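Structure first, then comments.
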Amino acid sequence: MNAMTVIRLVFVWFALMGLLVTTVGASFFLRGPASMAASTGIAFIKAALIYWFFMHLSEERGLPRLMAVGAVTWLAILIGLSFTDYATRGFGW
Amino acid sequence: MTNALDAPDPHNAGISETRAERESYLRAGHTLRSWLLTTDHKRIAILYLISVTLFFFIGGAAAALIRADLVTPGGDLLTNEGYNRAFTIHGVIMVWFFLIPSIPTTFGNFLLPLMIGARDVAFPRLNLLSWYIFVIGGLITVYALIAGGVDTGWTFYTPLSSFFANGHVVLVAVAVFIAGFSSILTGLNFIVTVHKLRAPGMTWRHLPLFVWSHYATSLILVLATPVLAITLALIAAERLFGLGIFDPALGGDPLLFQHLFWFYSHPAVYIMVLPAMGVVSELVAASARKPVFGYAFVAGSSIAIAIIGFLVWGHHMFVAGQSMYASTVFSFLSLVVAVPSAIKVYNWTATLHKGRIALDPPFFFAASFIGLFVIGGLTGLALAMLAIDVHVHDTYFVVAHFHYIMVGGTVSAYFGALHYWWPKMIGRKYPLVWGRLSAAAIFFGFNLTFFPQFILGYLGMPRRYHVYDPPFQVLHVLSSAGASILAVAYLMPAFYLFYSLRYGDPAGRNPWGVTGLEWTVPSPPPKHNFMETPIVTELPYDYHVEREGEQ
Ligand code: HEM
Ligand SMILES: [Cu+2]
């Protein structure tokens, strides 16, 4: 591992810590759906950083990237289709 | 075709009569250690074969208790608690320790490398690790069973499982959680194997359909199993620490559990049936001695099932309080998922059409699969209708539906695979008459057990109750009678297959005279499968088609 990579990984780590602080901070200032949106958005950015740098997706191409996109797509299916239920439960008959 | 290699050697009678047998993977070390530390995919397959057979018997014993209790309307054999524990342990063992691992870990492990011309799977040591993980999960389950059991049903529905059940819920959840990692590792191993280890010329278009269906199954294993693990962990968190995830009093939602559970468990039913479909494609082509009709569609439908199978889970929640708009979406998608399954059935039938069908045991089992799967699948469509489901939800109709697919379908295919590849795995032939007889007995016993349950359910007999209205007794007695026939029929192969182990004639490389790379190596295969890497030039199922009446 050369010096550049180490510096980059440390940099990403600080970025993750910064985002963690932001999440905690946001939970004090925001309420309700806004709080939810903020923490979900930040979690998404953190996951992307981990995928891209720590899990070396930046160095892969083709199939491994496709597999990673697949995993995220499946999570979207889980959440999206569940919301066909949660979002429409209140509708009248 | 007789081969000089396969000729009996008069000086070495007994278990290893032929040179092929003396060089086989079965002879590469005789100590227990050589088995327990093996990384050979063929030996690991045998380890799995032994373990899943054991679990099949444990799950079967629980089923016997259930059926015996249901002979009388009073529930005279077991206590209420005991009955709940019996069907829970039956479901947990059969789903996670028999049906899900059964075909992939035994025949998949044994055959995948052989079918694509590889020496082993991509990660042989990981393969052994996944067996150990599986066994640990199984042992914990058996321990929980001895220590008193669980009464939640295999579905672990909240709030019963998180607050009210007083059995070893967390212990069994941990066991299933652990076994899940074995599934994930096997899935990963198969995906990488198929991508990376194909022999020269073995393009995707050349893959046997068994490999295609295992590839599709592996995708589901990797994508769905983590969600089960998370769901079980959440139950444990709620039960042990009172975290409000599923309990409304704490701000949770009990339906969230069902969403998460069925997001895994509907795809999981395809984990159980897709490998069986792969087996049936092989058996049908081999019995008819014809190329599979519409190869690309049969292969593609496996992938389609793997994907669409993830979009239908809400059909388990129609009457659970799910929004009716969501139910409508899930009902529609459930009809869509039946299309690729139907494609397979039509194409198998078209493959058999005008074939010169060999009436050997593998064909008997394949034919059972097709017929019973059609009944199971069509009743699935009926259950996916919103109005019908209100009437039959949580009745014996549902129980009959999924047993037609999982037992009539998958278990038949499992036995079909056993009868087809046994000579390859062991190197010996078994008496075909007995194979045909047990296939027929299984088919008969199965239908007598489960057909009455469709009627029972339609008439209103709820599932998971052991005290019932006396007019239902006739149908329950028929079902229990069928179950005892089925039990005997499932035990029959044990006798003649063990017999063949010692007294069967040597099978030779290709006893059925069929295509496929696994039939080009000696039986049993040598430790490293191929003397030299095969080069594939022919398409799969490359039979010279000679239709009846055309000679
Ligand atoms: C052809 C496509 C299929 C459709 C449309 C379908 C539909 C359904 C529906 C609607 C239910 C819920 C019934 C209720 O609880 O009221 C159900 C239950 C079930 N199905 Fe299917 N099914 C299909 C295929 C399969 C397959 C292939 C399997 C197994 C390999 C399977 C296994 C099960 C199981 C285990 C349950 C009951 C789970 C439980 O509540 O314990 N189904 N099916
Ligand atoms: Cu389902």
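The values are calculated or read from the model by the stated rules, or taken from the named source; none is laboratory data. Predicted model only: the values in this text are computed from it and were never measured. Virtual Cβ from ideal backbone geometry, glycine too; neighbours counted across all protein chains shown. Please note that ligands, DNA and RNA were not included when accessible areas were found on the heavy atoms of the full protein model with its side chains. Shrake-Rupley method; radii C 1.70, N 1.55, O 1.52, S 1.80 Å.
Of the helices (runs of 4 or more DSSP H) lying entirely inside the range B:17-107, the ones with 1 or more residues being closer than 24 Å to B:ALA276 by Cβ are found at B:41-69, B:80-92, B:100-103. Kindly check whether there is at least one residue in the range B:305-321 that is away from every other protein chain (no Cβ under 14 Å) and closer than 15 Å to B:VAL269 by Cβ. Yes, because at least one residue in the range B:305-321 is away from every other protein chain (no Cβ under 14 Å) and closer than 15 Å to B:VAL269 by Cβ.
Residue pairs whose Cβ atoms lie under 6 Å apart, sitting 6 or more positions apart in sequence or on different chains, and linking a residue in the range B:419-437 that is farther than 12 Å from B:ARG509 by Cα to a partner that is aliphatic (A, V, I, L, M) and buried (at least 17 other Cβ atoms within 10 Å of the Cβ), are B:TYR420/B:LEU283; B:TYR430/B:LEU497.
Residue check: B:VAL192 meets all listed conditions (1) open to solvent by 30 Å² or more (accessible area, probe 1.4 Å); (2) touching a helix residue (DSSP H, G or I) at 6+ places or on another chain (Cβ under 8 Å); (3) within 13 Å of chain A (Cβ to nearest Cβ) but one, namely (2).
When we screen B:VAL71, B:VAL92 for residues that are of a type in the set (A, V, I, L, M, F, W, C), touching a residue at least 12 places away in the same chain (Cβ under 8 Å) and more than 12 Å from B:PHE55 (Cβ to Cβ), the only hit is B:VAL71.
B:SER341 - would you say it is within 16 Å of ligand 2 (Cβ to nearest atom), within 14 Å of chain A (Cβ to nearest Cβ) and not aromatic (Phe, Trp, Tyr)? Spelling it out, it is not the case that B:SER341 is within 16 Å of ligand 2 (Cβ to nearest atom), within 14 Å of chain A (Cβ to nearest Cβ) and not aromatic (Phe, Trp, Tyr). Contact map, the range B:338-354: residues that are closer than 19 Å to B:LEU378 by Cβ paired with residues that are part of a helix (DSSP H, G or I) and hydroxyl-bearing (Ser, Thr, Tyr), Cβ distance under 6 Å, separation 6+ or inter-chain. Pairs shown: B:PRO340/B:SER301; B:ILE343/B:SER301; B:LYS344/B:SER301. For beta carbons closer than 8 Å, sequence separation of 6+ or different chains, a first residue in the range B:501-520 that is among the basic types (Lys, Arg) and a second that is surrounded by fewer than 18 Cβ atoms within 10 Å (Cβ to Cβ), the qualifying pairs are B:ARG502/B:ILE15; B:ARG509/B:MET1; B:ARG509/B:ASN3; B:ARG509/B:THR520.
For every residue, the table says whether it meets (1) within 14 Å of chain A (Cβ to nearest Cβ); (2) more than 16 Å from ligand 2 (Cβ to nearest atom); (3) basic (Lys, Arg); (4) in contact with a Cys (Cβ under 7 Å, 6 or more places away or on another chain).
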position	(1), (2), (3), (4)
B:LEU333	yes, no, no, no
B:VAL337	yes, no, no, no
B:TRP348	no, yes, no, no
B:THR351	no, yes, no, no
B:ARG356	no, yes, yes, no
B:PHE363	no, yes, no, no
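The set of residues from the range B:494-519 being loosely packed, with under 14 Cβ neighbours inside 10 Å and in a helix (DSSP H, G or I) comprises B:ALA494, B:PHE495, B:PHE498, B:ARG502, B:TYR503.
Go through the residues of the range B:237-247 one by one and say whether even a single one is under 24 Å from the mean Cα position of the chain (by Cα) and within 14 Å of another protein chain (Cβ to nearest Cβ). No, there is no match, as no residue in the range B:237-247 is under 24 Å from the mean Cα position of the chain (by Cα) and within 14 Å of another protein chain (Cβ to nearest Cβ).
Just one of (1) within 22 Å of B:ILE405 (Cβ to Cβ); (2) out of contact with any helix residue (DSSP H, G or I) (no Cβ under 8 Å at 6 or more places or on another chain) fails for B:ALA439. It is (2).
Among the residues of the range B:312-331, those identified as part of a helix (DSSP H, G or I) and away from ligand 2 (no atom under 11 Å from the Cβ) are B:MET324, B:TYR325, B:ALA326, B:SER327, B:THR328, B:VAL329, B:SER331.
With within 13 Å of the chain's Cα centre (by Cα) and within 14 Å of chain B (Cβ to nearest Cβ) as the only criterion, which of A:ALA43, A:ALA87, A:ALA71, A:ALA37 stands out?
After ruling out the rest, the residue left standing is A:ALA71.
Taken together, the residues in the range B:500-515 that are over 17 Å from B:LEU418 (Cβ atoms) and either in contact with a helix residue (DSSP H, G or I) (Cβ under 6 Å, 6 or more places away or on another chain) or of a type outside the set (Val, Ile, Thr) (or both) amount to 8.
Cβ separations smaller than 6 Å between residues 6+ apart or across chains give the following pairs from the range B:217-233 residues that are closer than 14 Å to B:VAL273 by Cα to residues that are polar (S, T, N, Q): B:LEU221/B:SER183. Restricting attention to the range A:46-68, the residues that are more than 14 Å from chain B (Cβ to nearest Cβ) and acidic (Asp, Glu) total 1.
Scanning the range B:118-157 for residues that are open to solvent by less than 10 Å² (accessible area, probe 1.4 Å) and either in contact with a Phe, Trp or Tyr (Cβ under 6 Å, 6 or more places away or on another chain) or within 30 Å of B:PHE530 (Cα to Cα) (or both) yields B:ALA118, B:VAL121, B:ASN127, B:SER130, B:PHE134, B:GLY138. Restricting attention to the range B:260-287, report how many residues are farther than 15 Å from B:ILE303 by Cα and within 14 Å of ligand 1 (Cβ to nearest atom). Adding up the residues that qualify gives 8. On the stretch given as the range B:369-387, residues that are more than 12 Å from ligand 2 (Cβ to nearest atom), farther than 24 Å from B:PHE87 by Cβ and open to solvent by 30 Å² or more (accessible area, probe 1.4 Å) total 6.
Scanning the range B:222-245 for residues that are assigned to a helix (DSSP H, G or I), among the hydrophobic types (A, V, I, L, M, F, W, C) and open to solvent by 10 Å² or more (accessible area, probe 1.4 Å) returns B:VAL222, B:LEU223, B:VAL227, B:ALA229, B:ILE230, B:ALA233, B:LEU234, B:ALA236, B:ALA237, B:LEU240, B:PHE241. Does B:ALA342 satisfy the condition of being open to solvent by 20 Å² or more (accessible area, probe 1.4 Å), within 11 Å of ligand 1 (Cβ to nearest atom), at pLDDT below 95 and closer than 26 Å to B:PHE397 by Cα? No: the conditions fail for B:ALA342.
So that you can scan it fast, the table gives a plain yes or no per residue for (1) of a type in the set (A, V, I, L, M); (2) at pLDDT 95 or above; (3) open to solvent by less than 40 Å² (accessible area, probe 1.4 Å):
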site	(1), (2), (3)
B:ALA13	yes, no, no
B:SER24	no, no, yes
B:VAL52	yes, yes, yes
B:GLY108	no, yes, yes
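Checked against (1) within 14 Å of another protein chain (Cβ to nearest Cβ); (2) more than 14 Å from the chain's Cα centre (by Cα), A:ALA76 passes all but a single condition, namely (2).
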